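First up is the structure itself, then whatever we jot down about it.
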Amino acid sequence: MTPVDQDGGPPAGPPLFAVIGDVHANEERLARVLDRIDQVAAERGRLDAILLVGDLACAGHGRSRSADKVRLYKAQVAAVLAQVRQRGHPLYFVPGNHDLRQVDDPADVDGRRVEVGGLRLLGVGGAGPDIFGFAYEWPEEEIRALRLPRADILLCHAPPRDTALDRIHDGRHVGSSAIRDLALRTRGVLLCGHIHEAPGMERLGDCLCMNVGALGAPFPGTRVGFVHGLDRLVLEDLEHGTRQEWRR
């Protein structure tokens, strides 16, 4: 679906994307974020897509990934995706480390590139390099071995390592060096989540990076990101009424 203006032509201005962090099946916060997305889309006269960075729900940890847990997880994922789709905007997502590696939905762009709003969007799901027994984790070598095409927007779950976006509560950096390398090879935008307590923005080379945080625990918040073309990022905290902005 391509947005159009009131005269029937393509809308003016750069492509606009809304970005939602780790949902973890928190439908109440998701509803508030979607309301804000609808408001911005109406003000701007366009919204090219809603992008989800993963951890839609939780498929379980280690041996606890029982059949009942997986059934509950799939039901929660279906509910989250349906809640987003009800707003009528195009949707793309990658699975996070709490998601199953294979999510049976056409909006899953993990490992593939699509064109949206005239820009190339590439998905890299899962998280690493630390392995804790969650459903979708990988070592750095797996990501480095992928033959990924060039893209304008990298939609990742894991943040790039040694940035403000991968620092956990005790100060350690736990992001991915392989994802960092992808960012440094990209003139565009990288979007991520995973590290709930590290929402914010940072520039790596010619790549503007944004961690949109999480709607679910731990360290939950009600935040939403906006990507205006490749040159402007906005991160809004709807609970505290604060806003961060980064322009190229």
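The values are calculated or read from the model by the stated rules, or taken from the named source; none is laboratory data. Since the model is a prediction, treat every value here as computed from it, not as a measurement. Quick reminder, even Gly has a Cβ in these numbers, built from the backbone with ideal geometry, and neighbours come from all protein chains shown.
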Under 6 Å by Cβ, and 6 or more places apart or on different chains, what pairs join a residue from region 5-20 that is at pLDDT below 55 with one that is assigned to a loop (DSSP other than H, G, I, E, B)?
-> ASP5/PRO11; ASP5/GLY45
For ALA59, state whether it is touching an Asp or Glu at 6+ places or on another chain (Cβ under 8 Å), within 24 Å of PRO199 (Cα to Cα) and at pLDDT below 95.
-> yes
Residues of region 33-62 classified as more than 17 Å from the chain's Cα centre (by Cα) and crowded, with 24+ Cβ neighbours inside 10 Å, total | 1
Could you tell me which numbered condition TRP138 fails, if it satisfies all but one of (1) within 19 Å of the chain's Cα centre (by Cα); (2) surrounded by fewer than 16 Cβ atoms within 10 Å (Cβ to Cβ); (3) among the aromatic types (Phe, Trp, Tyr)?
-> (2)
Which one of ALA78, ALA57, ALA41 is assigned to a helix (DSSP H, G or I), touching a residue at least 24 places away in the same chain (Cβ under 8 Å) and small (Gly, Ala, Ser)?
-> ALA41
Report whether or not LEU72 is under 20 Å from TRP138 (Cβ atoms) and among the hydrophobic types (A, V, I, L, M, F, W, C).
-> no
Among (1) at negative phi; (2) touching a Lys or Arg at 6+ places or on another chain (Cβ under 9 Å); (3) buried (at least 20 other Cβ atoms within 10 Å of the Cβ) - the single one GLY117 does not satisfy | (1)
Number of positions in region 17-59 that are small (Gly, Ala, Ser) and under 19 Å from ASP105 (Cβ atoms) | 7
Can you tell me which residues in region 230-248 are closer than 19 Å to ASP166 by Cα, among the aliphatic types (A, V, I, L, M) and in contact (Cβ under 8 Å) with a residue 40 or more places away in the chain?
-> LEU233
